[in-house]
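Here's the structure we're looking at; comments come further down.
The values are calculated or read from the model by the stated rules, or taken from the named source; none is laboratory data. Being a predicted model, the structure only gives us computed values, none of them experimental. Here Cβ is always computed from backbone atoms with ideal geometry, including for glycine, and neighbour counts include all displayed protein chains. Ligands, DNA and RNA are stripped out before the accessible areas are found, and what is left, the full protein with its side chains, is counted by its heavy atoms. Shrake-Rupley method; radii C 1.70, N 1.55, O 1.52, S 1.80 Å.
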Amino acid sequence: MTATIIDGKAVAAELRAEIASRVAALAFQPGLAVVLVGDNPASTVYVRNKDRAAAAAGIAARTIRLPADTAEAALLATIAALNADPAIDGILVQLPLPPQIRPRAVIEAIDPEKDVDGFHPLNVGRLHEGHPHLVPCTPLGVMRLLAHAKVPIRGAQAIVLGRSSIVGKPMAALLINADATVTVAHSRTRNLAAECRRADLVVAAVGRPELVRGDWIADGATVIDVGINRTAEGKLVGDCATAECAASASAITPVPGGVGPMTIACLLANTLTAALARRGLEPA
Ligand code: NAD
């Protein structure tokens, strides 16, 4: 079987256009605040991309840059001001944070109704309870890709590789909510290859270049590659050996151009969701 390539770039562009047209029809402009502490080069690029994507969708984007030696209390004060600001619907604090700042203290300080990353314990609880409100952007993007590619989820055997709070755990919760039978594998899982071979759907979010090999994939399975890794030669690769896996899979996401573009599009979707919910309007 030769796999269909799921074009995340195209699906993300469609979603962004849809959000832009919904935003244009609103009587108000949603606002997104992105807070960057320090000057980590990758974070700086992410923040710039988020800012541009928000502006392109008609969302008022405000980037707040704080020095690397910002005290935790000062960041918490910035968040409190954004929580109280009626023009701001979404607050995102770019991770990782410098060592003097506890990420959990920051995540818990964000108003859960403005928590567009979906990391606040209240939103995590809502998701795991089966009543999601604001859901982490990357797994939300994966669900949209699966819907777009018409991948059957109900009753499917799914495996999520990785158990982070940003990708693996919320991904597993979304798949459980969608009636899949879900295995969550991680660095201590024994016989990962055999676990994967049982799956109709493999979602890899591990951060290990091309860990998942072709003979791990059952005939006709769907492979979603969340990983973004740079090889020693500077090439961008996923967590799956794409060409090998595509030989058995029925559908697969490429890296780049698969899950990556969906993450920012879903941040915009979450900002719109938050903006509507805060005003008691119907969800987008
Ligand atoms: P993380 O480091 O927080 O978590 C990695 C997880 O993988 C852990 O739960 C660990 O137990 C598991 N793991 C590590 N080695 C393993 C192994 N050999 N076998 C099985 N499991 C193993 O990473 P994360 O934040 O969840 O990100 C995972 C990957 O996804 C990274 O490559 C990251 O760059 C990428 N990512 C992409 C996007 C996107 O927009 N596409 C967003 C977030 C993360």
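The table below lists the values:
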{"item": "Heavy atoms of His128 accessible to a 1.4 Å probe, total area in Å² rounded to 10", "result": "110"}
{"item": "Set of lysines with alpha-carbon distance to Lys50 below 25 Å, sequence-local pairs under 8 removed", "result": "Lys9, Lys114, Lys169, Lys235"}
{"item": "Shape of region 136-261, Cα gyration tensor, a/c cut at 1.5", "result": "rounded"}
{"item": "Length added when fully stretched, Ala77-Arg52, from 0.36 nm per residue minus Cα-Cα", "result": "6.4 nm"}
{"item": "Region 29-114, relative contact order in percent, only Cα pairs under 8 angstrom and at least six apart counted", "result": "39"}
{"item": "Global form of region 1-127, assessed from the alpha-carbon gyration tensor, a/c cut-off 1.5", "result": "prolate"}
{"item": "Exposure rank, largest accessible area first [Lys114, Lys150, Lys9, Lys50; 1.4 Å]", "result": "Lys150, Lys9, Lys50, Lys114"}
{"item": "Accessible area (Å², per residue) of region 47-119, counting only protein heavy atoms and a probe of 1.4 Å", "result": "45"}
{"item": "In Hz, Karplus ³J(HN,Hα) per residue of region 213-221 (6.51, -1.76, 1.60; θ = phi - 60°; x = Gly, Pro)", "result": "9, x, 7, 8, 9, 6, 4, x, 6"}
{"item": "Sequence ranges 133-146, 85-98, ranked by mean other-Cβ count within 10 angstrom, highest first", "result": "133-146, 85-98"}
{"item": "Full-extension gain in nm, Thr4 to Ala218, via 0.36 nm per residue minus C-alpha separation", "result": "75.5 nm"}
{"item": "Portion, in percent, of the accessible area of the chain that falls on carbon or sulfur, probe 1.4 Å", "result": "55"}
{"item": "Shape box of the chain [Cα atoms, principal axes, largest first, Å]", "result": "53, 41, 35"}
{"item": "Over the chain, relative contact order from alpha-carbon pairs under 8 Å, at least 6 apart, %", "result": "22"}
{"item": "For region 100-107, Karplus couplings with θ = phi - 60° (6.51, -1.76, 1.60), whole Hz, Gly/Pro x", "result": "6, 10, 7, x, 5, 4, 6, 4"}
{"item": "Interchain or long-range residues, amide H under 5 Å from Val35's placed H", "result": "Ile64, Leu92, Val93, Gln94"}
{"item": "Asp115, Asp215, reordered so the largest accessible area comes first (probe 1.4 Å)", "result": "Asp215, Asp115"}
{"item": "Highest to lowest packing among 219-229, 261-271, scored as the average C-beta count within 10 Å", "result": "261-271, 219-229"}
{"item": "Surface accessible to a 1.4 Å probe, per residue, for the residues of region 189-277, Å²", "result": "38"}
